[in-house]
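To keep things clear, I will list the structure first and then write my remarks on it.
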Amino acid sequence: MSSPPLAPPAQPAQPDGPDRAAAQVPPPGSPTVIRASGVGKKFVAYHKRATSLKERFVRREAAAGDDFWALRDIDVQIGRGQTVGLAGANGSGKSTLLKVLAGILRPTHGEVAVNGRIASLLELGAGFNGELSGRDNVYLNASLLGLSKREIDRLFDSIVDFSELRHKIDDEVKHYSSGQYVRLGFAVAVHVDPDILLVDEVLAVGDEAFQRKCLDKIAQFRSEGRTILFVTHSLDLIESMCDRILVLESGNMIFDGQPAVGTKLLRQRLGSLPAEGVAVPYDLAPVKPTAVTFSRSPGSPAQVQYDPGEQLTVSVELDLTENAPPFVYLHVEIMGQGEVPIWMMETPAGGISPGPGLSVVDFVVPRLPELLGAFAVNIRVSDASTGQPVTARRFEDLFGVSGLQVAGLLRVDYEARLRR
Amino acid sequence: MSRVADLSTLPPSPPPGQGGPSPAQRPRTSRSGARHVDHRSRAQTRVRWELLRNLVRKDLKVKYKGSTLGFAWSLANPLLLLVVYTFVFQVVLDTGIPRFGIYLMSGLLVWNAFSGSVSAACGAVVANANLVKKVRFPLLVLPLSAVGFSAVHFLLQLLVLFVVILGLGYSLFGPELLLLVPAGVVALLFTVALSVLLAALNVRYRDTQHLLDVALVAWFWINPMVYAYGLIQNQLNDWTWVYLLNPMAVVVVTFQRAIYDPPPGNTTANGSASVIADTGYVFYLEHLAIAGLISLAMLWLGLRVFRRFQADFAEDL
């Protein structure tokens, strides 16, 4: 980093209130290069689709039913120069989203607008013809990707050098090893001079040296202010390379914000962090906090991602047996990284009287502070009349708050001044 | 989840709501409903000559790679047909057409180019499934390059035919040779139209290819290539115009007029039927105009269907 000595440490303080700010909005002055609004993608079950004329007539009124929504109502805006990681479990819709943004699949709903030349590395060397030489394939592939002959002539040496295949460039591609094949494909794709690079898991192939090279190239693209969107299962990669993460789950975008927060959420949802709470004398307790959910307002659909300034409702589900105390007292702690309590919420002093069976206690936070991180919840239940503890439970369900700051739990306003 | 952003470079956002804008109010979009704003991204969706040329060159290279005779093989098929049909239609069943070989070839070459193009184009998108599913490029180049591939062969075969005609000492150059220009244009229009249409249909309805194979066999016989045109006229009389609604029949008879030198009186050996359709020019120009209009209508339909279907190619493949 060769920034001038007095540059603000991370990011200049934003003068406006927190409402304006969100990780999703590109920094001022950088135009949106990809905008998806209300994008949904439905796949019709294959066995139902008429693939012959006969079926077309026979099953004209096939019942709609087991259609599959790979994406639902995705809204996303990506600004020039952002590096965005797309993560989620298998089948969560990552690759479908990438293909929709690349213009290969048509969204069933909504609209995608793209501003700039796209290079999509959905598969390296797609369209190579094994019978042709590497040289011919470079010309053909680059031509498919939108380059003119003159441009290819100019870039040819650079492509060959990048692929490190000069000695084989006039051999037929069918005699290449799979690694060499991929290297040539990557070399062509990155030389298309894309404004937007879409990468789908292709970094998983090739040897270590090649992967290193790919990552270096992506880092170079990043520094040149190009927009990069990549799908990967490597959350470490996202943490180290991306400005932003989009987490998909069953076609819904459940998180859009800082990689540090998103990866933590995803790890928890993928089960690499324990999701079950630990109860102290929990099984026998007459009052059990059975679940914690997060939403905007009481009763609205659960969500895990919040922005500073937004309303948050922490709903605690309680299960009371017949011999539960008449008044119970709840103590809720929001826990940050390293088990640091961030804030605490409790029921009024006299306690509440839920009665036997299931009930829900909502804690409504009207305005979230400027936090950055993913947070867990610790719950302690006690008897409001005696003050005796009943049970305690730590929940690993997390919610994330995407503050604007690059790092640090809190954001404060400050000025940097030079004094001599 | 929608937020304010600087979208000065993008058209205004559609109103939020269930399911996005209705198709009627949605602006015209390219493949996949994605709108690509600047010229750099349009280079990836527009059909470019250079790309077309590269694809045709690739197909030629792949086809003749490692074969010693190379391009000469493209003459093998018409030569074989020449031998077989000459034997059948001049020796076994005497059609009474003088210089039958030249008569046959002047119509057959353009028909072969047509049927070869259409047949290859029909499978072009399906054959390139991997590419279509992974790379964004102007999909229209797939059927078009199949047409280009056949066109290259056709031109070379025509050249060989000319050389043979001159070598045998027959006359070739005359004003009628100019008819090749409008006939070639109509043939190209009609071929492109059908190729584009079938390429798109075949992605969704795979029966198209099989249907086409059968249709082409029948279609071959409703062009006057191995029999004299007059035989049809004698049968259909006032209804001959129906026969000529087939643009390929018009193209074939025009090619014959342009290349083949009819015998005196333009009749077969026994004098029962005329060999070529007409010895003037107006007949051909009139019918080419009609065939041209039919082809343009087909082209409009073909492009429309292709544009409509192509957004779902990646999904249907």
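Approximating the spin labels as points 7 Å out from Cα along Cα→Cβ, the A:I352-to-A:S223 distance works out to 5.5 nm.
Per residue of chain B, the DSSP helices (runs of n ≥ 4 H) give a summed -39500 (n - 2.57) that works out to -19000 deg cm²/dmol at 222 nm.
Taking each residue as 0.36 nm, the span from B:A289 to B:V163 lengthens on full extension beyond its C-alpha to C-alpha distance by 42.4 nm. The mean count of C-beta atoms from other chains within 10 Å of the C-beta of residues in B:51-61, rounded to a whole number, is 4.
Just need the relative contact order of region A:155-214 here, percent rounded to a whole number, with Cα pairs under 8 Å and 6+ apart. Don't skip to the answer; put the middle values down first.
Details: 30 pairs, mean separation 20.9, N = 60.
Relative contact order comes out at 35 percent.
With 10 angstrom as the radius, rank A:E339, A:E310, A:E208 by how many other C-beta atoms surround their C-beta, starting from the fewest. Don't skip to the answer; put the middle values down first.
Details: A:E339 10, A:E310 18, A:E208 7.
Fewest-to-most Cβ neighbours within 10 Å comes out as A:E208, A:E339, A:E310.
Averaging Cα coordinates gives a centre for region A:205-269 and one for region B:238-296; these two points are 67 Å apart.
Per residue of B:133-146, other chain Cβ atoms within 10 Å of the residue Cβ number 4 on average. For the peptides B:168-176, B:245-253, the ranking by mean Cβ contacts within 10 Å, running from highest to lowest, is B:245-253, B:168-176. Spacing of the modelled spin labels on B:H210 and B:Y170, each 7 Å from Cα toward Cβ, amounts to 4.1 nm. Inter-chain Cβ neighbour count for A:95-102, averaged per residue, equals 2 (cutoff 10 Å, partner chain atoms only). The simple Förster model, with R0 at 25 Å and r as the Cβ-Cβ distance, assigns A:A291 and A:K42 a FRET efficiency of 0.20.
With R₀ set to 56 Å, the beta-carbon distance separating B:I222 from A:S177 gives a calculated FRET efficiency near 0.60. For region B:35-168, calculate the relative contact order in percent as a whole number, restricting contacts to Cα pairs under 8 Å that are 6 or more residues apart. Relative contact order comes out at 36 percent. The alpha-carbon of A:K41 sits under 22 angstrom from the alpha-carbons of these lysines, leaving out residues fewer than 8 places away in its chain: A:K94, A:K99, B:K133, B:K134. Spatial offset of region B:127-202 relative to region A:163-181 amounts to 34 Å, using the alpha carbon center of each.
With a ≥ b ≥ c taken as the square roots of the eigenvalues of the C-alpha gyration tensor of region B:169-256, please select rounded if a/c is under 1.5 and otherwise prolate if a/b is larger than b/c or oblate if it is not?
oblate
Working from Cα pairs under 8 Å separated by at least six residues, relative contact order for region B:90-222 is 36 percent. Estimated from the Cβ-Cβ distance and a Förster radius of 35 angstrom, the FRET efficiency linking A:K149 and B:A76 is about 0.60. Each label was represented as a point 7 Å from its Cα along the Cα-to-Cβ direction; for B:W300 and B:T68 these points are 5.4 nm apart.
Values in this text are rule-based calculations from the coordinates and carry no lab data. None of these values were measured; they are calculated from a predicted model. Cβ: placed from backbone, ideal geometry, glycine included. Neighbour counts: every protein chain shown.
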